[in-house]
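The block underneath contains the structure these notes are about, expressed in structure tokens.
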């Protein structure tokens, strides 16, 4: 199976938009062989900005990556939501070099975990323990 691109999904109401595709597209942003569809991506971000997130809720962002960070709107969204009193589970590439990553890792409430093939079960259990503590204590 050959990868043709990436989509973004909002799973709570199942909304799916194109993030990137291989091919000949007229887009402003590119990463390698992928054309990035920032306008489509930002339609979901706009909807998320208008939602109320509760203290006992959880926002999952998979991932804060190079493609997503082409969007200034997404960068602003990330900074705003990491300041709210809500629970966030997010992934960010270890090799990513971007001011957003520096910002997030500088927040005292952020608990960075490094995931690799050897520790996947340990990290999974640690995340489950944290989630259980937040929601069931």
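The values are calculated or read from the model by the stated rules, or taken from the named source; none is laboratory data. Note that the structure is a prediction, hence the values are computed from the model and not measured. For neighbour counting, all protein chains shown are included, and Cβ atoms are generated from backbone atoms with ideal geometry for every residue, glycine included.
Quick check: anything in the stretch 62-74 free of Cβ contacts under 8 Å to residues at least 40 places away in the same chain, closer than 29 Å to residue 132 by Cα, in contact with a strand residue (DSSP E or B) (Cβ under 9 Å, 6 or more places away or on another chain) and in a loop (DSSP other than H, G, I, E, B)? First the steps, then the outcome.
Quick first cut of the stretch 62-74, residues free of Cβ contacts under 8 Å to residues at least 40 places away in the same chain only: 62-63, 65-66, 69, 71-74.
Adding the requirement that they be closer than 29 Å to residue 132 by Cα leaves 62-63, 65, 74.
From what's left, in contact with a strand residue (DSSP E or B) (Cβ under 9 Å, 6 or more places away or on another chain): 62-63, 65, 74.
With in a loop (DSSP other than H, G, I, E, B) added as a condition, the list becomes 65.
Yes, the stretch 62-74 has at least one match.
Just to be sure I understand the filter: pairs with C-beta atoms under 7 Å, separated by 6 or more residues or on different chains, first member in the stretch 103-119 and on the phi < 0 side of the Ramachandran plot and touching a residue at least 24 places away in the same chain (Cβ under 8 Å), second member surrounded by 10 or more Cβ atoms within 10 Å (Cβ to Cβ) and in a loop (DSSP other than H, G, I, E, B). Which pairs pass?
104/82; 104/110; 107/82
Restricting to the stretch 17-42, count the residues that are loosely packed, with under 14 Cβ neighbours inside 10 Å, touching a strand residue (DSSP E or B) at 6+ places or on another chain (Cβ under 6 Å) and part of a helix (DSSP H, G or I).
Residues in the stretch 17-42 being loosely packed, with under 14 Cβ neighbours inside 10 Å, touching a strand residue (DSSP E or B) at 6+ places or on another chain (Cβ under 6 Å) and part of a helix (DSSP H, G or I): 0 in total.
Could you tell me which residue of the stretch 75-117 is modelled with the highest pLDDT, considering only residues that are exposed (fewer than 15 other Cβ atoms within 10 Å of the Cβ) and in a strand (DSSP E or B)?
Of the stretch 75-117, the ones exposed (fewer than 15 other Cβ atoms within 10 Å of the Cβ) are 76, 79-80, 83-85, 89, 91, 93-97, 99, 102-103, 105-117.
Filter once more, so that each one left must be in a strand (DSSP E or B): 89, 91.
Values: 89: 89, 91: 92.
Only one residue tops the list, namely 91.
Say we look at the stretch 52-61 and pick out the residues that are outside any loop (DSSP other than H, G, I, E, B) and either modelled with pLDDT of 95 or more or in contact with a helix residue (DSSP H, G or I) (Cβ under 8 Å, 6 or more places away or on another chain) (or both); which of these is farthest from residue 90 (Cα to Cα)?
Here is the first cut: in the stretch 52-61, the ones outside any loop (DSSP other than H, G, I, E, B) are 58-61.
Those still in the list that are either modelled with pLDDT of 95 or more or in contact with a helix residue (DSSP H, G or I) (Cβ under 8 Å, 6 or more places away or on another chain) (or both) too: 58-59, 61.
Working: 58: 10, 59: 8, 61: 5 Å.
Across the stretch 52-61, the extreme among qualifying residues is 58.
Report, ordered by the first and then the second residue, all pairs with beta carbons closer than 7 Å, sequence separation of six or more or different chains, a first member in the stretch 2-17 that is within 17 Å of residue 63 (Cα to Cα), and a second member that is assigned to a loop (DSSP other than H, G, I, E, B) and at pLDDT 90 or above.
Close Cβ pairs (under 7 Å, with a partner that is assigned to a loop (DSSP other than H, G, I, E, B) and at pLDDT 90 or above) amount to 6/67.
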